[in-house]
1. Within the range 163-173, which residues are surrounded by 14 or more Cβ atoms within 10 Å (Cβ to Cβ) and touching a helix residue (DSSP H, G or I) at 6+ places or on another chain (Cβ under 7 Å)?
2. Could you tell me whether any residue of the range 130-139 is within 15 Å of the chain's Cα centre (by Cα) and either within 22 Å of residue 84 (Cβ to Cβ) or modelled with pLDDT of 95 or more (or both)?
3. Go through the residues of the range 147-155 one by one and say whether even a single one is in contact with a Cys (Cβ under 9 Å, 6 or more places away or on another chain), of a type in the set (Val, Ile, Thr) and crowded, with 21+ Cβ neighbours inside 10 Å.
4. What residue, of 144, 160, 109, is crowded, with 17+ Cβ neighbours inside 10 Å and among the small types (Gly, Ala, Ser)?
5. Residue pairs, Cβ under 6 Å, 6 or more apart or interchain, first in the range 58-87 and on the phi > 0 side of the Ramachandran plot, second part of a loop (DSSP other than H, G, I, E, B). List them.
6. Taking interchain pairs and intrachain pairs at least six residues apart, which have beta carbon atoms under 7 angstrom, with the first residue in the range 178-206 and within 17 Å of residue 27 (Cβ to Cβ) and the second outside any loop (DSSP other than H, G, I, E, B) and among the basic types (Lys, Arg)?
7. Looking at (1) small (Gly, Ala, Ser); (2) out of contact with any helix residue (DSSP H, G or I) (no Cβ under 6 Å at 6 or more places or on another chain); (3) under 26 Å from residue 192 (Cα atoms), can you tell me which one residue 32 breaks?
8. Can you confirm whether residue 150 is over 29 Å from residue 56 (Cβ atoms), touching a strand residue (DSSP E or B) at 6+ places or on another chain (Cβ under 6 Å) and of a type in the set (Lys, Arg)?
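The values are calculated or read from the model by the stated rules, or taken from the named source; none is laboratory data. Bear in mind that the values here come from a model prediction, so they are computed numbers and not experimental data. FYI the Cβ positions are ideal-geometry reconstructions off the backbone, even for glycines, and counts take in every protein chain you see.
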Amino acid sequence: MTSVLDLAPVIPVVVLEDAADAVPLARALVAGGLPAIEVTLRTPAASAAIRAIADEVPDAVVGAGTVISPDSVMEAVSAGARFLVSPGWTDRLLDAMKAAGVPFLPGVSTASEVVALLERGVTEMKFFPAEAAGGTAYLRSLASPLPGARFCPTGGITASTAPQYLALPNVGCVGGTWMVPGDALRAKDWARVEELAHEAAGLRRG
């Protein structure tokens with residue numbers, strides 16, 4: 001499989017309260033040009049949503065976010081997740097993600113965490129919470145001393161700030177929620193989601 005970081009410039013980060021919304025939402029995102037979809041394990045509906053997308057939207061690459069334990073790794077992969085994203089990592093969680101057999105993006109917010117992952121052979125990571133942890137200035141400062149690391153920054157990024165991240169040499173894509181606004185989800189306005197996804201898919205990488 002192509003690296004998750006290279007599927008599209010933006011990975012939508014989705015929180016679903018109702019699994020019935022999963023398939024139409026995923027279809028709208030894919031139609032807009034965003035095939036990689038991170039469904040966070042923050043709600044009771046998450047596993048069913050991942051399973052529905054995996055079963056019914058073949059062009060989507062559905063992943064699980066907020067993976068914080070070996071149990072959540074198993075839950076996500078059993079539901080059909082094709083990649084895993086965590087807000088941070090421990091040795092135990094990293095071992096479970098490595099054993100899962102799917103790509104994963106462990107979360108980091110410090111240079112020491114990046115170095116520790118590089119020591120373990122992990123080169124692709126989530127930078128979280130991106131804005132609160134130093135934003136583009138911090139990531140830019142990591143590029144020269146740690147050229148082997150590539151990031152998907154997530155957390156507080158908007159349509160207007162995403163291009164600044166995508167211009168960095170060590171950023172493959174960004175994660176965000178702006179193309180799945182809460183009011184559009186509540187209204188089931190999938191046409192609006194598709195339009196926002198199309199705009200996000202048109203953002204240029206560095």
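1. Matches in the range 163-173: 164, 165, 168, 170, 171, 172, 173.
2. There is at least one residue in the range 130-139 that is within 15 Å of the chain's Cα centre (by Cα) and either within 22 Å of residue 84 (Cβ to Cβ) or modelled with pLDDT of 95 or more (or both).
3. Scanning the range 147-155 turns up no residue that is in contact with a Cys (Cβ under 9 Å, 6 or more places away or on another chain), of a type in the set (Val, Ile, Thr) and crowded, with 21+ Cβ neighbours inside 10 Å.
4. 109
5. 66/41; 66/42
6. Going by the 7 Å Cβ cut-off, the qualifying pairs are 184/192.
7. (2)
8. It is true that residue 150 is over 29 Å from residue 56 (Cβ atoms), touching a strand residue (DSSP E or B) at 6+ places or on another chain (Cβ under 6 Å) and of a type in the set (Lys, Arg).
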